[in-house]
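Participant: What follows is a single structure, and I will ask about it in a moment.
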Amino acid sequence: MEDRLKGREVKLLLALAEARGALTSKLLSTYVESSPHTVRNDMQEVRKWIQANGAVLIVKPRVGYMLKVVNMEVWQAFVQRLRGLARRKGRTSQKERMKYILTKILLSALHQKKLSQWDLAEELFIGLTTLKNYWKEMEAALGGYRLRLKADREGKIRIEGGEEKIRKAIADMLFANMEISERHNAFYDSVFSRREIECVKKIVLGSVMHYSFPLSDIAFHGIVIHILIVLRRIEVKATVEYSAEEISFLQSTKSFLVAKDIVSKLRRQLHIDIGNEIFYIAQHLVASERIFAQDASLDQETRCLVAAILQKISVEYHVDFQQDETLFTGLQIHLEAALHRLRFNIGVRNEILQVIKKDFPLAFEFAVIASRIVESKESIKTNENEIGFLAIHFGAAMERMRLQKKSCVLICDTSVTMSLLMKETIVRHFGGYIEITKMCHRYELTENEAESMDLIISTVPLPEMEAKKKQARIIYVHPVIGDSDMRMLEKAILGMQKAFLPNGQREAFFHRELFFPNMQAKSKEEVLGKITLHMLEHGYIDETIKKSIYEREQMSSTEIGSLIAMPHALESGASKPAIAVAVLNEPVLWSYERVQVVFCLSIPKSNARIWEDIFNRIYDYFVQGLGVRELIDNPSFELLLERIAQ
């Protein structure tokens, strides 16, 4: 029955279902990419569906639309059906249309054909003018592969660029996230025959097993896809050329033997000669193998490179990884492999890049610094995928650092028996996080001991220590630890692992003069220009920091999804933290997605934990909590402070 719903109506229903409060027609119009007037018309039909499925739509003037659920079971079942319908309904949003357009363009490129703009517009049920509005975004998406989009006088579109780049774009954008193990995949079957798919999979599996050449599931998928793409591209005589140096390197690898075996089997079983593609296959085997290599011969040059990276991070961020041998060795092994890939332009896709950027923001910043040093010392250009792989090593190191037990002293003025019971209770619950190094009376704790502790748990007041603002955190509990004490300890001890700032300090980073509601801008460059100029004029940054903000953006895009970007400096010599916030009148294309809210951070790298805390706060509320919609609808400085403090 829900199939009668339009795509825009489905999106409106889901937005209302997932909202924490009221949504205005203006906010909903941004979400579904239409006008507020269109949204108000759509809501008449939406109201009928809501009332028929266990809920009521409430409309409050100057407040917006909100739901009141009457029958939770019926409503939840309806929402589940809507989500399934949303997955099936395609090309209703700008992002979905973009994906469809790129798919059609790349499929045409696969077969070396041109695509008619008129036919494409008709398929999308849009006008040619609307289609042309996507041109910049299409160019930006393809520009990441150094490809150009061209249109001839007849209105037909084609892609221009190097053959290797065309193949990489096709592999990444069309097939990277599809499962080739599915028995029937309509998209695959429309491009490759089922016999080709099964035969290539069997050949690759046989060759890698014969040569004991380990591949992850992702790497296996990638090799199969690239070989299938080769089968289509050789039909139009499109090949990849290699230099003598590249050929010599590839021939010296074990990957070349595996590639040679694959080419031979393809000739016998599919009667297709792709002998001139042997180096292309070897290249991708090298890239796949090296990511998981654990037995690289480590040389002194790479060791010095890693040492320089860790030293730089220690100086800039005041985070010392130099004694972490696991990180040191892991980076050395990875860099020796990565340097080969970068020198010979062997690309490898990082499937979890966006997850790394969002879940490990500080680790990603460490990786950006590392990549900058690699570029400087090795005279090569890194890329976002390689930065992401480096970030994994730093993320693991940070987790190891967090899991180090915090030192704790227990002050209890009751009997020895009660003190022991108290200690055992705490150790039983939090032994994995703290180590109680001393148990004593108040007068027995020296000033030096108090200063060296991460945490003091006490049953008696310690006014002298509070007055002196000792570094250690003081937690007061009862001699017999109850539920309220346990909750307090849990919050304090586990909170230490996260290193969150007190709320009052967070709001202090935001200044009214650095809040820009309703900013008008047409591009990322214009947004950054306006924000950084204002911060410069008011003394929050200098020219060096401004330049560093642009350099950081070039290294890797700072958009984090849900219409938000968080530009910041690679290196900040700012004396105090400051965060500028711009809410744009209309979204602008950042690098890959549209952005309407910009948080520009200038935080001294010596306060690295502050940077991570602020990022997590913004991400948790404004991205995961969908708070960005609220801020766009009501771009007020007071609302921003209120939400950051929550």
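Participant: So what J values fall out for region 41-51 if you push phi through Karplus, 6.51 cos²θ - 1.76 cosθ + 1.60 with θ = phi - 60°, rounded to Hz, Gly and Pro as x?
Facilitator: Whole-Hz 3J(HN,Hα) from phi for region 41-51: 5, 5, 5, 5, 6, 4, 4, 4, 5, 5, 5.
Participant: Can you send over the carbon and sulfur percentage of the accessible area for region 410-492, probe radius 1.4 Å, protein chains only? Don't skip to the end; give the middle numbers.
Facilitator: Numbers: 2690 of 5010 Å².
Result for region 410-492: 54 percent of the exposed heavy-atom area is carbon or sulfur.
Participant: I would also like to ask the following. For Lys11, which aspartates and glutamates qualify as cross-link partners when the Cα separation must be under 19 Å and same-chain residues fewer than eight apart are set aside?
Facilitator: Qualifying aspartates and glutamates at Cα under 19 Å: Glu2, Asp3, Glu33, Asp42, Glu45, Glu96, Glu593, Glu630, Asp633.
Participant: Right, another one. In degrees between 0 and 90, to the nearest 10, how far off the longest principal axis of the chain does helix 416-430 point, with axes built from Cα atoms?
Facilitator: With both axes taken from Cα atoms, the answer is about 10 degrees.
Participant: Given axes a ≥ b ≥ c from the Cα gyration tensor, I'd like to know whether region 554-594 is rounded (a/c under 1.5), prolate (a/b larger than b/c) or oblate.
Facilitator: oblate
Participant: Hey, any idea what the orientation-averaged projected area of the convex hull of the chain's Cα atoms comes to, in nm²? Let's see the in-between values first.
Facilitator: Values: hull surface 142.1 nm².
If you wrap the Cα atoms of the chain in a convex hull and average its projections, you get 35.5 nm².
Participant: Can you list the equivalent-ellipsoid semi-axes of region 370-471, largest first and in whole Å, using the square root of 5 times each Cα gyration tensor eigenvalue? Intermediate results must be reported in sequence, preceding the final value.
Facilitator: Numbers: eigenvalues 396, 58, 15 Å².
Value: 45, 17, 9 Å, ordered largest first.
Participant: Probe of 1.4 angstrom, ligands and nucleic acids ignored: what's the accessible area per residue over region 298-415, in square angstrom?
Facilitator: Values: 4800 Å² over 118 residues.
I get 41 Å² per residue for this part.
Participant: So, one more: Separation between the Glu435 and Glu163 pseudo-spin-labels, each 7 Å from Cα along Cα→Cβ, expressed in nm?
Facilitator: In this crude spin-label approximation the distance works out to 6.1 nm.
Participant: In addition: For the chain, take the longest principal axis of its alpha carbons; what is the angle in degrees between that and the long axis of helix 278-291, to the nearest 10 within 0 to 90?
Facilitator: It works out to around 10 degrees.
Participant: Rounded to the nearest 0.05, what FRET efficiency do Gln311 and Val69 give with R0 = 60 Å and r taken as the Cβ-Cβ distance? Could you check? Show your work: numbers first, answer last.
Facilitator: Details: r = 57 Å, r/R0 = 0.95.
Efficiency for this residue pair is about 0.55.
Participant: Using the alpha-carbon atoms, what tilt in degrees (0 to 90, nearest 10) does helix 384-402 show relative to the longest principal axis of the chain?
Facilitator: Taking the Cα atoms of the chain, the angle to 384-402 is about 20 degrees.
Participant: Taking only DSSP H segments of four or more residues, each worth -39500 (n - 2.57), what value at 222 nm results for the chain once the sum is divided by all its residues, to the nearest 500 deg cm²/dmol?
Facilitator: Details: 30 runs with 361 residues, N = 646.
Dividing the helical sum by the residues of the chain leaves -17500 deg cm²/dmol.
Participant: Work out the P(r) tail for region 302-443: percent of alpha carbon pairs separated by more than 24 Å, whole number. Spell out each step's value before the answer.
Facilitator: On the way: 4547 of 10011 pairs.
That fraction is 45 percent.
The values are calculated or read from the model by the stated rules, or taken from the named source; none is laboratory data. Keep in mind that what you see is a predicted model, and the values were worked out from it rather than measured. Glycine gets a Cβ as well: all are built from the backbone with ideal geometry, and neighbour counts include every protein chain shown. The accessibility values were calculated without ligands, DNA or RNA, using every heavy atom of the protein model including side chains. Shrake-Rupley method; radii C 1.70, N 1.55, O 1.52, S 1.80 Å.
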